[in-house]
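Asker: Structure in structure tokens, see below.
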Amino acid sequence: MPEDLSSLKDAVAFISTYPPRQCGLATFASDLVAAVRGRTEGRLRTVVIAMDDPEEDLDYPPEVQYALRQHDNADYVRIAEILNYSKVRAVSLQHEFGIFGGRDGAYVLDLLRELRCPIITTFHTVLREPSPSQRAVMDELIALSNLLVVMSELGAQFLQEIYGAPDVKIRLIHHGVPTIPLVEPQHYKAQFEMEGRTLALTFGLLGPGKGIEYALQALPRVVEQRPDFCYIILGATHPNIVREHGESYRLGLQRLARDLGLQRNVLFSDRFVSLEELCEFLKAADFYVTPYLNREQITSGTLAYALGAGKPIVSTDYWYAEELLADGRGRVVATRDPDAIAEALIELLENPARVREMRVNAYEFSRRMTWNEVGRRYLDTVREAISTARVRASMPDVSMRHELAITGLPRPRLDHLMRLSDDTGLLQHARYSVPDRAHGYCTDDNARALVVASKFYDLYRSAEAQRLLDTYLAFITYAQRSDGLFHNLVSYNRVFLDEAGSDDCYGRALWGLGYTMYRGPATHVRLAQEVFENAAAHLPQLNLRGRAYAILGLYYYLQRYPEAEDIVAKIDRLAGHQITLYRRAAGDDWLWFEDVVSYDNAVIPQSLFLAYEVTQDQRYLEVAAGSLDFILRMCARTNHLSLVGNAGWHRRGEGAPAGFDQQPIDACGLVEACKVAFRLTGRREYLRSMRMAFDWFLGVNDVGESLYNFRTGGCADGLMAHGVNSNQGAESTLCFLLALLTLVEAFSEQERAARGTAAGRPPGTKV
């Protein structure tokens, strides 16, 4: 595909899924582009930015200039920059929840914020009761768009009444339909060998929400009256359904048809048909049936197409059907009511005059919906947007970009993590970059690996990350004892080497399991929850860092299950213990929890920040900020951080901290803690500290050497006075990856927040 749009004539760009991807939105976009192109007479070019599914290998047609990777946030910003320097005069965005990356599709906002040309957004769904994050996405979409297109009067009403969209922005343009002549069905049945039979049709991608089972249950009554009746179910199963559940829904429908004795009266056609084929089926059909289950469905291309063909329609009472079939254009019946469907069909079969009237009403109304007319209306909106919109300046938060310097970061890679992982789990150590099997595995590392793999999966929907999650979750499950605690050390031949792991091991296991529930794939949530709840049922007495990690795990569990009040109580109790230790140890010049600053320090203030977020106890916020600032001052140099070394640590009253050996876990901890601190305090110095802590990995440190190995994707095990420890073990590599993912995630989150929305999350680098 071309990498430059600058040579194009003035153009309008369409952003949507697109054929050969099989979904209703892709079909709509293709038809819309063709309709607009047909109306431009060469004066305005149409180009397509296709939303790309990483699970599919698609060969797009020539009008697709770019395939935008759904889960790669960097792609959205890159596409915006390309469009800004092209001759694209306006962008038409086809919006549907689920086709864009990020939480509730928030990544697309990064694209729209950067665009300098006017934006026309078509809403294929307008939710009556959005979640808070869906509402945030919708609010910003409305604010960023110059014009808003809906396909129903109810959609326009919702935009105004629920979302506060100004009426002057909203345009009602019906779903397009092909131009099909109003014909007598009997003339077109021979090609399907259905001469003399009465045909009902349902078409579209098949899935449980279609309600086909209720239409099948209605048929025995209909067939009793009209034995020649045949119900054609036309369309392939939705690819997403096949990916998750196989053909279980279709097979269930086929079994139901057999059980009802309908083998001669039901025809399943399992394929994605062309427009030409679809039109032939529509011409041959006597009736059209839409038994959809979702009452809040606000548009339907299949219903629109049937109306455009002048078909007598029996539909359940979802919103779009109620509106489109009003005034005698069809019959609307209750959802999940086979008897109502049967009665409607029988009534129409017995009343040919009513059928003729319904056909004419439907066909006449649909003349305003032909693609030729829809293309004209869309072209009008494009011209209106171009003529009335001021050129929008690009809107990045320059200071944010400067402070985090997000560009130029290494791209997140799982290469070395995969190298260290086998079918048991993640090996602890490596000799240089080669896995060292002699020391086996530990729960500590596999728990940390759960966090990294879950975060990576969440940001990029990576199949590799999902496979690694299988391994790490299996390891944690295997390592759990019957009392809920965990073994920590496991030999290469899978023999436990300890009776029970440390407090840190227990806390990190909760952290890993909680984060997997929070951000991991849905397939892993149930097992992670079971293991977590078995472990957390009776919280043991824990040390300082064990409590901190346990708070992290409980916090992420609570994000998944916010109604779990017992979890709030446990967080409060653990954080209270931390405060008690702090009050005992802290002084005017020593804002710490014990008399030594040692290893993995920043997780302690991080946990208290999160405890404050949950409980709103000001004590936790004050101690969290004070202790984190204390560590940052201790490590601060003129232009870099010098971490506390493990050769002596830093003991109260004993002068300067030890200079070496410095550990990756301390740099990573500072990145994570500063991210949370900035989110809860708004203090921008935490952004600078976060980037300085990450730069420690890249050579901005006391020795001036990079711990990250750009060739292998691994990270050196430590920084010593003479240079780096060249072994690239699990802990160091996990710490680097977690710090990198946290940094780019924070950039995206805070850039959105600076622009007035809390929606979405991640990152700014591509995989």
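Asker: Scan the range 512-522 and tell me whether some residue there is in contact (Cβ under 8 Å) with a residue 24 or more places away in the chain, over 17 Å from residue 450 (Cβ atoms) and outside any helix (DSSP H, G or I).
Answerer: For the range 512-522, residues in contact (Cβ under 8 Å) with a residue 24 or more places away in the chain, over 17 Å from residue 450 (Cβ atoms) and outside any helix (DSSP H, G or I): absent.
Asker: Could you say whether any residue in the range 80-103 is of a type in the set (D, E, K, R), free of Cβ contacts under 8 Å to residues at least 24 places away in the same chain and surrounded by fewer than 21 Cβ atoms within 10 Å (Cβ to Cβ)?
Answerer: No, because not a single residue in the range 80-103 is of a type in the set (D, E, K, R), free of Cβ contacts under 8 Å to residues at least 24 places away in the same chain and surrounded by fewer than 21 Cβ atoms within 10 Å (Cβ to Cβ).
Asker: Take residue 355 and tell me if it is farther than 21 Å from residue 297 by Cα and surrounded by fewer than 22 Cβ atoms within 10 Å (Cβ to Cβ).
Answerer: It is true that residue 355 is farther than 21 Å from residue 297 by Cα and surrounded by fewer than 22 Cβ atoms within 10 Å (Cβ to Cβ).
Asker: For the range 38-68, how many residues meet the condition of being in contact (Cβ under 8 Å) with a residue 60 or more places away in the chain and either more than 23 Å from the chain's Cα centre (by Cα) or crowded, with 22+ Cβ neighbours inside 10 Å (or both)?
Answerer: 7
Asker: Can you name the residue in the range 537-587 that is basic (Lys, Arg) and under 22 Å from residue 616 (Cβ atoms) and is also surrounded by the fewest Cβ atoms within 10 Å (Cβ to Cβ) among such residues?
Answerer: Only one residue tops the list, namely 583.
Asker: A further question follows. From the list 458, 444, which one is in a helix (DSSP H, G or I) and closer than 19 Å to residue 496 by Cβ?
Answerer: Within the list 458, 444, the selection yields 444.
Residue-by-condition table, conditions (1) assigned by TED's automatic domain parsing to the domain that holds residue 40; (2) closer than 25 Å to residue 230 by Cα; (3) crowded, with 21+ Cβ neighbours inside 10 Å; (4) of a type in the set (Lys, Arg):
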{"position": "318", "(1), (2), (3), (4)": "no, yes, yes, no"}
{"position": "331", "(1), (2), (3), (4)": "no, yes, yes, yes"}
{"position": "350", "(1), (2), (3), (4)": "no, yes, no, no"}
{"position": "380", "(1), (2), (3), (4)": "yes, no, no, no"}
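Asker: I would also like to ask the following. Would you point out which residue out of 587, 576, 553 is farther than 20 Å from residue 626 by Cβ, of a type in the set (Gly, Ala, Ser) and either without any contact (Cβ under 8 Å) to a residue 24 or more places away in the chain or out of contact with any Cys (no Cβ under 8 Å at 6 or more places or on another chain) (or both)?
Answerer: The unique qualifying residue is 553.
Asker: Here is a check on your reading of the model: is residue 589 modelled with pLDDT under 95, over 32 Å from the mean Cα position of the chain (by Cα) and closer than 24 Å to residue 649 by Cα?
Answerer: yes
Asker: Looking at the range 229-240, I want the residues that are within 13 Å of residue 215 (Cβ to Cβ) and not assigned by TED's automatic domain parsing to the domain that holds residue 203 and have a partner that is among the β-branched types (Val, Ile, Thr) and surrounded by 21 or more Cβ atoms within 10 Å (Cβ to Cβ) with Cβ atoms under 8 Å, at least 6 apart or on another chain. Which pairs are those?
Answerer: No pair meets every condition.
Asker: With 127, 201 as the choices, which residue is in contact (Cβ under 8 Å) with a residue 60 or more places away in the chain and outside the structural domain of residue 384 (by TED's automatic domain parsing)?
Answerer: Result: 201 is the single residue among 127, 201 that is in contact (Cβ under 8 Å) with a residue 60 or more places away in the chain and outside the structural domain of residue 384 (by TED's automatic domain parsing).
Asker: Can you find a residue in the range 466-478 that is out of contact with any Pro (no Cβ under 7 Å at 6 or more places or on another chain), crowded, with 24+ Cβ neighbours inside 10 Å and either outside the structural domain of residue 737 (by TED's automatic domain parsing) or not hydrophobic (A, V, I, L, M, F, W, C) (or both)?
Answerer: Checking the range 466-478: at least one residue is out of contact with any Pro (no Cβ under 7 Å at 6 or more places or on another chain), crowded, with 24+ Cβ neighbours inside 10 Å and either outside the structural domain of residue 737 (by TED's automatic domain parsing) or not hydrophobic (A, V, I, L, M, F, W, C) (or both).
Asker: Tell me which residues, restricted to the range 424-466, are at pLDDT below 95 and either of a type in the set (D, E, K, R) or under 16 Å from residue 665 (Cα atoms) (or both).
Answerer: Residues satisfying the conditions are 455, 458, 461, 464.
Asker: Would you confirm whether or not the range 304-312 contains a residue that is more than 25 Å from residue 220 (Cα to Cα), modelled with pLDDT of 95 or more, basic (Lys, Arg) and in contact with a helix residue (DSSP H, G or I) (Cβ under 9 Å, 6 or more places away or on another chain)?
Answerer: no
Asker: Follow-up. Please state which of the following conditions residue 643 fails to meet, knowing it meets all the rest: (1) without any contact (Cβ under 8 Å) to a residue 60 or more places away in the chain; (2) not in a helix (DSSP H, G or I).
Answerer: (1)
Asker: Let me ask something additional. Would you check which residues across the range 537-552 are within 30 Å of residue 595 (Cβ to Cβ), modelled with pLDDT under 95 and either in a helix (DSSP H, G or I) or among the hydrophobic types (A, V, I, L, M, F, W, C) (or both) and list them?
Answerer: Within the range 537-552, just 539 meets the criteria.
The values are calculated or read from the model by the stated rules, or taken from the named source; none is laboratory data. All values reported here derive from a predicted model rather than from experimental measurement. We place every Cβ from the backbone using ideal geometry, glycine too, and count neighbours over all the protein chains shown.
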